[in-house]
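Dropping a structure here in structure tokens format, bear with me for questions.
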Amino acid sequence: MQKTEPAHSEEAALEAEQLPTTKGFMATLKSVNKYRCAAGFGAFSIVLYAFLYFYNTDLTHIAQATHDGEKTWFFVPIVIALVFSIIHGSFTSHFWDALGVKAKS
Amino acid sequence: MDAINFIDLNFFTVVILFVVGFIGGMVSGFIGSGGAFVLTPAMMSLGASGIVAVASNMAHKFPKALVGSIKRHKYGQVDIKLGIIMGVFAEAGVFYGKEVMTGIRALHGNAGTDLYVSFVFIVVLAIVGTFVLRDGMRMKREGKHDDEHVTPRFAQWIQSIRIPGTMMRFSSIENREVSILFIAPIGFATGMLAASIAVGGFIGVPAMMYIIGVPAIRATATELVVAFIMGLGGTMFYAWEGFVDIRLAMIILAGSLFGVQLGAIGTTYVKEYTVKYVMGMIMIIVLVSRLIKLPVYLSELEVISALNPALIDILDKLSFATLAFALIFGMVAISAALIKGMMEHRRETAAEHAIREYEKDLAVTSAES
């Protein structure tokens, strides 16, 4: 016990010295990740909306065909809505986070 | 087979839908409902037929509600069990509400359904809006805060009624029990109202607060789960008929997901009475907008003498402007509450940090001496 105590206090001192640096590094990493996440999901979201724009005529044709009795692709709008909500939802969440608008903890 | 009227997308249409979506999203993220009452008329003004506007609105609503409820679940505000149970009964209400609408349309045409919708709006908003606003004012006057949530007397009575075999425990009412027989009609009415005026939360949220005893912030969060279940069911129904214009729905979603996140963040900074204030004010402004439109429907159904076309045009525009004002009011009120709350929070955090630093310095100085 007597031998281990100084070692413990040395470790604690070392930890105390290193802690601010590690904390600072983690904070920097977190803030970089925050912007990267926002940019990544933002880019993904833009790609989805570009697809929506390029295939917008096909989507109205699918809806008209479904209305006319061809029900094979009736679920397409539901799948699109779910995919867009996950990707665009993640982007908007990270977007406000990156701007510093966060919920009160 | 008849052709569905899909509108052409241009820059102007996209910008309008995005902005309206953003504001509508912000209001619904904050008060758990709203937005839809101005989105449907906005889509119709851009050229979409009524049924496509309603169907597309629903298709944007359920993913928005999903994102909003996940976000608020992270803040610990959602009662998933209550939301799912209410959602199931609400789904039944949606289908019954649609039957009522179809029946009225068959008997009295579009003017009949318009009058029915406006009448429901006026009655519900007058009762609920006044009640919520008065309660918010009372809470502010008495200086009550979130952590001092007091279960309303009527809710206490409801919670005290024991009906064997129907009691369920809910986290949002401090793990107390309520009979499912009281939750079923609330869910059903929420769904029926959603099918009639597209804003079921105007009944669901106040009913959760005053009948079940759920705190306002948790009620608005739980309503998002109900809206998701109702929206998903409704979208499947309309998608099966091919009425969903997913392009319109996704453009609105693009704006509303920015808004719903901001609205949800806003709830973590405000007092419970602020949510009630904003909700009550929006309800009263929407009520005024429906009142303005009432003479138009009554004259179309020949209940009163025919109105001058110029007067009808003025009343139409005035009613729509009032709806837009309701949303803009909501956006300004929420933004102001959010900014004020964030600034206060930062000041408090900075003060706490300064005290901690001072205490640390003091400890070092005393150790050295």
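The values are calculated or read from the model by the stated rules, or taken from the named source; none is laboratory data. Only a predicted model underlies this, so the values are computations on that prediction, with no experimental measurement involved. Positions of Cβ are generated from backbone atoms using ideal geometry, with glycine treated the same way; all protein chains shown enter the neighbour counts.
Residue check: is B:ALA306 of a type in the set (Gly, Ala, Ser), over 18 Å from B:ILE23 (Cβ atoms) and part of a loop (DSSP other than H, G, I, E, B)? Can you show your working first?
Working: of a type in the set (Gly, Ala, Ser): yes; over 18 Å from B:ILE23 (Cβ atoms): yes; part of a loop (DSSP other than H, G, I, E, B): yes.
Judged against the criteria, B:ALA306 is a match.
Tell me whether the range B:61-71 contains one or more residues that are touching a helix residue (DSSP H, G or I) at 6+ places or on another chain (Cβ under 7 Å) and away from chain A (no Cβ under 14 Å).
Going residue by residue through the range B:61-71, those that are touching a helix residue (DSSP H, G or I) at 6+ places or on another chain (Cβ under 7 Å) are B:61-69, B:71.
Add one more test, that the residue is away from chain A (no Cβ under 14 Å), and what stays is none.
No, every residue in the range B:61-71 fails to be touching a helix residue (DSSP H, G or I) at 6+ places or on another chain (Cβ under 7 Å) and away from chain A (no Cβ under 14 Å).
Also, quick follow-up: Please go through the range B:240-280 and pick out each residue that is among the β-branched types (Val, Ile, Thr), assigned to a helix (DSSP H, G or I) and at the interface with chain A (Cβ under 7 Å from one of its Cβ atoms).
From the range B:240-280, those among the β-branched types (Val, Ile, Thr) are B:244, B:246, B:251-252, B:260, B:265, B:267-268, B:270, B:274-275, B:278; that's our starting set.
Next cut, assigned to a helix (DSSP H, G or I) only: B:246, B:251-252, B:260, B:265, B:267, B:274-275, B:278.
Matches in the range B:240-280: B:ILE246, B:ILE265.
Hey, among the residues in the range A:74-89 that are out of contact with any His (no Cβ under 8 Å at 6 or more places or on another chain), part of a helix (DSSP H, G or I) and within 7 Å of chain B (Cβ to nearest Cβ), which one's surrounded by the fewest Cβ atoms within 10 Å (Cβ to Cβ)? Before you say what the answer is, go through the steps one by one.
Kept after step one, since they are out of contact with any His (no Cβ under 8 Å at 6 or more places or on another chain), are these residues of the range A:74-89: A:74-80, A:82-89.
Now narrow it down to the ones that are part of a helix (DSSP H, G or I): A:76-80, A:82-89.
Retained after the next criterion (residues that are within 7 Å of chain B (Cβ to nearest Cβ)): A:77-78, A:80, A:82, A:84-85, A:88-89.
Numbers: A:PRO77: 28, A:ILE78: 18, A:ILE80: 23, A:LEU82: 14, A:PHE84: 22, A:SER85: 22, A:HIS88: 26, A:GLY89: 24.
Only one residue fits best here, namely A:LEU82.
Continuing with this model, one more query. All but one of (1) in a loop (DSSP other than H, G, I, E, B); (2) under 30 Å from B:ILE161 (Cβ atoms) hold for B:ALA219; which doesn't?
With (1) in a loop (DSSP other than H, G, I, E, B); (2) under 30 Å from B:ILE161 (Cβ atoms) applied to B:ALA219, the lone miss is (1).
A:THR92 is checked against (1) assigned to a loop (DSSP other than H, G, I, E, B); (2) at the interface with another protein chain (Cβ under 8 Å from one of its Cβ atoms) and fails just one. What number does that condition carry?
Result: A:THR92 passes all but (1).
Can you tell me which residue within the range B:76-95, out of those that are touching a helix residue (DSSP H, G or I) at 6+ places or on another chain (Cβ under 8 Å) and over 18 Å from B:GLY201 (Cβ atoms), is modelled with the highest pLDDT? Walk me through how you get there before you give the answer.
Let us first name the residues in the range B:76-95 that are touching a helix residue (DSSP H, G or I) at 6+ places or on another chain (Cβ under 8 Å), namely B:77-95.
Those still in the list that are over 18 Å from B:GLY201 (Cβ atoms) too: B:81, B:95.
Details: B:LYS81: 94, B:PHE95: 85.
Looking at residues that are touching a helix residue (DSSP H, G or I) at 6+ places or on another chain (Cβ under 8 Å) and over 18 Å from B:GLY201 (Cβ atoms), I get B:LYS81.
Hey, among the residues in the range A:53-63 that are more than 7 Å from chain B (Cβ to nearest Cβ) and of a type outside the set (D, E, K, R), which one's surrounded by the most Cβ atoms within 10 Å (Cβ to Cβ)?
Quick first cut of the range A:53-63, residues more than 7 Å from chain B (Cβ to nearest Cβ) only: A:53-55, A:57-58, A:61-62.
Now drop any that are not of a type outside the set (D, E, K, R), which leaves A:53-55, A:57, A:61-62.
Details: A:TYR53: 12, A:PHE54: 9, A:TYR55: 14, A:THR57: 10, A:HIS61: 13, A:ILE62: 20.
The selected residue is A:ILE62.
Do we have any residue at all in the range A:64-73 that's assigned to a helix (DSSP H, G or I), among the acidic types (Asp, Glu) and more than 7 Å from chain B (Cβ to nearest Cβ)?
So the first thing to find is which residues in the range A:64-73 are assigned to a helix (DSSP H, G or I), and the list is A:64-67.
Checking the rest, the ones that are also among the acidic types (Asp, Glu) come to none.
No, because not a single residue in the range A:64-73 is assigned to a helix (DSSP H, G or I), among the acidic types (Asp, Glu) and more than 7 Å from chain B (Cβ to nearest Cβ).
Right, here's the next one. Here are the criteria: (1) loosely packed, with under 15 Cβ neighbours inside 10 Å; (2) within 19 Å of the chain's Cα centre (by Cα); (3) within 30 Å of B:ARG176 (Cβ to Cβ). Tell me which single one B:LYS71 does not satisfy.
(1)
Here's another thing I want to ask about it. Of the numbered conditions (1) in a loop (DSSP other than H, G, I, E, B); (2) in contact with a strand residue (DSSP E or B) (Cβ under 8 Å, 6 or more places away or on another chain); (3) not hydrophobic (A, V, I, L, M, F, W, C), B:THR151 satisfies every one except a single condition; which is it?
(2)
Looking only at residues in the range B:17-47 that are in a loop (DSSP other than H, G, I, E, B) and surrounded by fewer than 24 Cβ atoms within 10 Å (Cβ to Cβ), which one is farthest from the other protein chains (Cβ to nearest Cβ)? First the steps, then the outcome.
The first filter runs over the range B:17-47 and keeps only residues in a loop (DSSP other than H, G, I, E, B), leaving B:32-35, B:46-47.
Checking the rest, the ones that are also surrounded by fewer than 24 Cβ atoms within 10 Å (Cβ to Cβ) come to B:46-47.
Numbers: B:LEU46: 15, B:GLY47: 13 Å.
Within the range B:17-47, the match that is farthest from the other protein chains (Cβ to nearest Cβ) is B:LEU46.
Now for a separate question. Please go through the range B:231-290 and pick out each residue that is basic (Lys, Arg) and at pLDDT below 85.
First, pick out the residues of the range B:231-290 that are basic (Lys, Arg): B:247, B:271, B:276, B:290.
Residues satisfying the conditions are B:LYS271, B:LYS276, B:ARG290.
Of these, A:ALA50, A:ALA38, which one is at pLDDT below 90 and within 14 Å of chain B (Cβ to nearest Cβ)? Give the steps one after another, and end with the answer.
On the way: A:ALA50 fails: at pLDDT below 90.
Of A:ALA50, A:ALA38, the one residue that is at pLDDT below 90 and within 14 Å of chain B (Cβ to nearest Cβ) is A:ALA38.
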